[in-house]
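Have a look at the structure below, then the notes.
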Amino acid sequence: MACARRARPPARANLIAPGRTTALASALDNLLANACQHAATGSTVRVAVDPRGDAVRLTVANRGPALSDAARLRVWDRFYSTRAADGGSGLGLAIVRSVALAHGGGCGVTCADGVTAFWFEIRR
């Protein structure tokens, strides 16, 4: 992974949601790894945590090539990978989805203006 890791403290640090720490850390790690693998060289990977009604949404966004419509439909499936030729297992985003669902939440992806953003939500 070719991402430099620099962190800035979040503007809102008062968002609390119950959950399995190890599972949530794994979900975040998988989103970060995915973003770093697909980010344009020299670009920044952004992480945001925001309240969404009775949930908390964590979003990881990067500049880089957009996913095709077909890939967006399958990207959460186990063993589906846009990087199979480069050794991608297709498990990272499936893990994110599984963790989100286990915490009463969901997940999604958007691609707009050269930015791809993956997110997952968990209930507070």
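What the table below lists for this structure:
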item	result
Loop-located chymotrypsin sites (Phe, Trp or Tyr not before Pro) in the range 26-120, at most 13 other Cβ atoms within 10 Å (DSSP)	Phe79
Protection proxy ranking, peptides 17-24, 93-100, 105-112, 53-60, average beta carbon neighbours within 10 Å, highest first	93-100, 53-60, 105-112, 17-24
Estimated distance in nm for a label pair at Ala33 and Ala102, the labels positioned 7 Å out from Cα along Cα-to-Cβ	1.5
Prolate/oblate/rounded call for the range 29-103, Cα gyration tensor, a/c under 1.5 rounded	oblate
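Readers should treat all values here as calculations from the given coordinates under stated rules, not as data from a laboratory. Owing to the predicted nature of the structure, the values given are computational and were not obtained by experimental measurement. Cβ sites come from the backbone with ideal geometry, for glycine too, and all protein chains shown count toward neighbours.
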